[in-house]
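The block underneath contains the structure these notes are about, expressed in structure tokens.
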Amino acid sequence: MKKLLALLLLVAGTALAQPYPSKPIRVAVAFPPGGPVDIIARLMGPKLSDLLGQSVVVENVVGAGGNMATTRVAKSPADGYTVLAHSSAYAVNPTLIPNAGYDGEKDFVAIAVVASQPNFIVVHADFPAKTLAELLARARTDKLAFASAGNGTTPHLTGENLFKLRAKVDITHIPFKGGGPAAAAVLGGQPPVGVIAGSAPLPHIKAGKIRALAVSSARRVASLPDVPTLTELGYPGMEDYTWVGFFVPAGTPPEVAQKLNDAVLRVANDPLIKERLEGLAFDVTAAPLAETAAYVKSELAKWGKVVRDVGAKID
């Protein structure tokens, strides 16, 4: 009996001593394929796998504006083997959605905000409006709707803020389950207007199938230099970005969080990955853990205020 107990303790001690990671890491993507979160998770996954020496398995866990993945990961063991890949909707949902199921500050450790991109106000190529001013004028006479990646995404709130609060026009919000589906909807003209983060509509804009009227960045996007910023068009202070971040459950050992942060920073700044991201209108923003935590905290405060100011509600 003593020998058996000693053997069990030895096995347990060996298991505990195994360096992280010692098994595959699962990344739960909060949105469907085709949007910013999925694009970044799948672009970085193989490089992270090479760097960490374990498989990085990416899966889409879709639903409730990203909350299905968020609540699932929050309840997972805090061991670094289950990672949440989410957008800036992570910072919006706790204010927008009653009983969202998580506390953005207390329930997770923010590993990195990998990259960000601005939101575009777009229309189908056949839509009569050639400028934002023409779109707003049409909205005063016609009943229009706009597509977004879903309730609680920053494109949703950029649209609500611009149309309802700033321009005083009523354009109905239609939430989709991600940037890819929202771009596909505008491409099909159902609805012909969208507010969507850059990577999803970008190929269609370049192909001339979707027209970009404005962008929510501080300066014009290099790959679309003819698209004016909202500030240029008379809407200052609307520098809104959709970002993509990685999170792990609260209680994850600090050394594990640090190892993940180190790996994400190395991959995000790999010249080939950085070039791919910049080609998709992303700016790499990955930073150390303390800086990341401070940024996420500021985003929770910023978007909570926007939700309250525009009176945004779940459609």
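Of the conditions (1) part of a strand (DSSP E or B); (2) more than 14 Å from the chain's Cα centre (by Cα); (3) of a type in the set (Val, Ile, Thr), Val113 clears all except one; give me its number.
Exception for Val113: condition (2).
Please enumerate the residues belonging to the range 201-220 that are open to solvent by less than 20 Å² (accessible area, probe 1.4 Å) and either out of contact with any helix residue (DSSP H, G or I) (no Cβ under 6 Å at 6 or more places or on another chain) or acidic (Asp, Glu) (or both).
Leu202, Val215, Ser217, listed by residue number.
Out of the residues in the range 1-55 that are polar (S, T, N, Q) and modelled with pLDDT under 95, state the one that is nearest to Gly150 (Cα to Cα).
Among residues in the range 1-55 that are polar (S, T, N, Q) and modelled with pLDDT under 95, the one nearest to Gly150 (Cα to Cα) is Gln18.
Of the residues Ala137, Ala147, Ala115, only one is open to solvent by 20 Å² or more (accessible area, probe 1.4 Å) and among the small types (Gly, Ala, Ser); which?
Going through Ala137, Ala147, Ala115 in turn, just one is open to solvent by 20 Å² or more (accessible area, probe 1.4 Å) and among the small types (Gly, Ala, Ser): Ala137.
Could you identify the single residue in Pro225, Pro191 that is over 18 Å from the mean Cα position of the chain (by Cα) and open to solvent by 50 Å² or more (accessible area, probe 1.4 Å)?
Unique residue meeting the criteria: Pro225.
What are the residues in the range 228-240 that are over 17 Å from the mean Cα position of the chain (by Cα) and open to solvent by 20 Å² or more (accessible area, probe 1.4 Å), if any?
Pro228, Thr231, Glu232, Leu233, Gly234, Tyr235, Pro236, Gly237
Taking into account only those residues within the range 150-181 that are hydrophobic (A, V, I, L, M, F, W, C) and at pLDDT 95 or above, which is most open to solvent (accessible area, probe 1.4 Å)?
The residue in question is Ile174.
So, in the range 242-253, of the ones that are buried (at least 17 other Cβ atoms within 10 Å of the Cβ) and not hydrophobic (A, V, I, L, M, F, W, C), which residue ends up nearest to Thr82 (Cα to Cα)?
Pro249
Restricted to the range 304-315, and to residues that are assigned to a helix (DSSP H, G or I) and either modelled with pLDDT of 95 or more or over 27 Å from Pro249 (Cα atoms) (or both), which residue is least open to solvent (accessible area, probe 1.4 Å)?
Val310
Of the residues in the range 280-303, how many are open to solvent by 60 Å² or more (accessible area, probe 1.4 Å) and farther than 25 Å from Thr252 by Cα?
2
Might you check whether a residue that is of a type in the set (A, V, I, L, M, F, W, C), open to solvent by 40 Å² or more (accessible area, probe 1.4 Å), closer than 25 Å to Pro201 by Cα and part of a helix (DSSP H, G or I) occurs anywhere in the range 270-278?
yes
Answer yes or no: is there a residue in the range 130-143 that is under 13 Å from the mean Cα position of the chain (by Cα) and either on the phi > 0 side of the Ramachandran plot or modelled with pLDDT of 95 or more (or both).
No, the range 130-143 contains no residue that is under 13 Å from the mean Cα position of the chain (by Cα) and either on the phi > 0 side of the Ramachandran plot or modelled with pLDDT of 95 or more (or both).
Which of the residues belonging to the range 254-269 are open to solvent by 70 Å² or more (accessible area, probe 1.4 Å) and part of a helix (DSSP H, G or I)?
Once the filter is applied, which keeps residues that are open to solvent by 70 Å² or more (accessible area, probe 1.4 Å) and part of a helix (DSSP H, G or I), the range 254-269 yields Pro254, Glu255, Gln258, Lys259, Asp262, Arg266.
The values are calculated or read from the model by the stated rules, or taken from the named source; none is laboratory data. Since we're looking at a predicted model, the values are computed, not measured. Cβ sites come from the backbone with ideal geometry, for glycine too, and all protein chains shown count toward neighbours. Ligands, DNA and RNA are excluded from the accessible area calculation, which covers all protein heavy atoms including side chains. Shrake-Rupley method; radii C 1.70, N 1.55, O 1.52, S 1.80 Å.
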